[in-house]
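The values are calculated or read from the model by the stated rules, or taken from the named source; none is laboratory data. For clarity, every value in this text was computed on a predicted model and none was experimentally measured. Areas reflect the complete protein model, heavy atoms only, side chains present, ligands, DNA and RNA absent. Shrake-Rupley method; radii C 1.70, N 1.55, O 1.52, S 1.80 Å.
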Amino acid sequence: MKKVTEKIKLLFRDPELKRKTIFTLFIFLAFRIFAFLPVPAIDLPRLRVLFSQNQFLSLLDIFSGGTLINFSVMALGLNPYINASIVIQLLTVVFPQLEALTKEGEYGRHKINQYTRFLTVPLTFIQAVGIFVLLRNQKIIGVLSPLEFFSFILTMVAGTFILVWFGELISEFGLGNGVSLLIFAGIVGRIPVVFGRTISVVNQELVFNIIIFIFLAILVIAAIVFINEAVRKIPVFYAKRIRGNRMYQAANNYLPLKLNQAGVIPIIFAVSFVLFPQLLGNFLVYSKNVAISKFASFLAHAFSPSGFTYNFFYFILVIAFTYFYTVVVFNPQKIAEEIQKNGGFIPGIRPGMATKQYLEKILYRITSVGAIFLGCIAILPAIISKITGINGLVIGGTGILIVVSVILETFKMVEAQLVMRSYDHFVR
């Protein structure tokens, strides 16, 4: 705790980091202000009643940071942008041109971000129309003229792109990854509300279960920190090298492979996918076609956040996205080539193809552990609900994982900046 306090003090002493921190907090403030700017023509009391009766919508509201229950101009949140990012990353595996762009440094990242924003536009329109139909069926929004309907959809689209812009501003001028920090801010902003709602409905028999829940929450936070910080160190030896007129001494180093290479990304991706069936079910449940209406009712019931089907697919999707994202981020072939190029080798493993195969074997083993851990964290709310009988606190392990991971990554970035500033003083 003392080290954390010292780092926070150093953070505000450094002018550059102080500026970034203040800018990030300013964007958070703007985000929270927008979260309370409702869209006209919405019956907010009826909307809140609907959210209190629907666990699915409550879960969506947590990840939107409260913008959905207030139906603010940012009601759709970052979901369309996240879905577009998933599609673009999947397409990089299919199309060599996109894969080549990912290897072109700053220019490649700029083009990929541009394509992601282009794809976000139609996805936002589709989700805005879906939300409108859902609210119209629930009689939360009245009959709108064509101009009012068009204005409603444009407001939703504009709100999402303002939020995307906020995220990019934080990434460029603030602390850490903007999208992750905005999701973090939204979850943290809703924790007191959700916790208070849960406490208000808990009776005396469940007090002991609340104590169990708090104990489990502390245990989960400790486990998340341990898994996020766990590293498999692969030793790498470098032989003596002669370059020009200089001879470089032999050196020993290690290659750090994180147990959770993908971080929190698989959880965010899986949430976007697993919520879609129930959203589709709620959209089609009022169809005049009896067969479609029955199928929609089945989807809405089967993919309830507390149901087996929802949690089973959620678990599988988290594991699948963990493997996928790890393969995208970590390239054993490239690492093996770099080690060989610099005259290095892993003890007992021949350079080249053998090194690549060894790295792949280690990577898949540790990724399996990380993927199963993330999957268990994802379905933790359903497990705890069965054990304790508490159904109101839907934030669960997913929200805790995002919050803890973002805090750890932000502190690491700040620490790296502080170390760099220390070296700058020595150079001067």
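The portion of the accessible surface of region 299-362 made up by carbon and sulfur, rounded to a whole percent, is 63 (1.4 Å probe; DNA, RNA and ligands excluded).
Surface listing: PHE298, PHE273, PHE373 arranged by accessible area from highest to lowest gives PHE298, PHE273, PHE373, probe 1.4 Å. A 1.4 Å probe over all protein chains sorts LYS18, LYS334, LYS111, LYS103 by accessible area into LYS103, LYS334, LYS18, LYS111, starting with the largest.
Set the Cα radius of gyration of region 217-366 against 2.2 N^0.38 Å, with N its number of residues, and you get 1.60.
Expressed as a fraction of 2.2 N^0.38 Å, the C-alpha radius of gyration for region 307-380 is 1.43. Residue order by solvent-accessible surface for PHE295, PHE269 is PHE295, PHE269, largest first, with ligands and nucleic acids left out and a 1.4 Å probe. In this view, the solvent-accessible surface of SER272, computed with a 1.4 Å probe and all protein chains in place, comes to about 20 Å². Note on LYS341: accessible area approximately 140 square angstrom, rounded to 10, probe 1.4 Å, nucleic acids and ligands left out.
The solvent-accessible area of ARG19, taken with every protein chain present and a 1.4 Å probe, is close to 110 Å².
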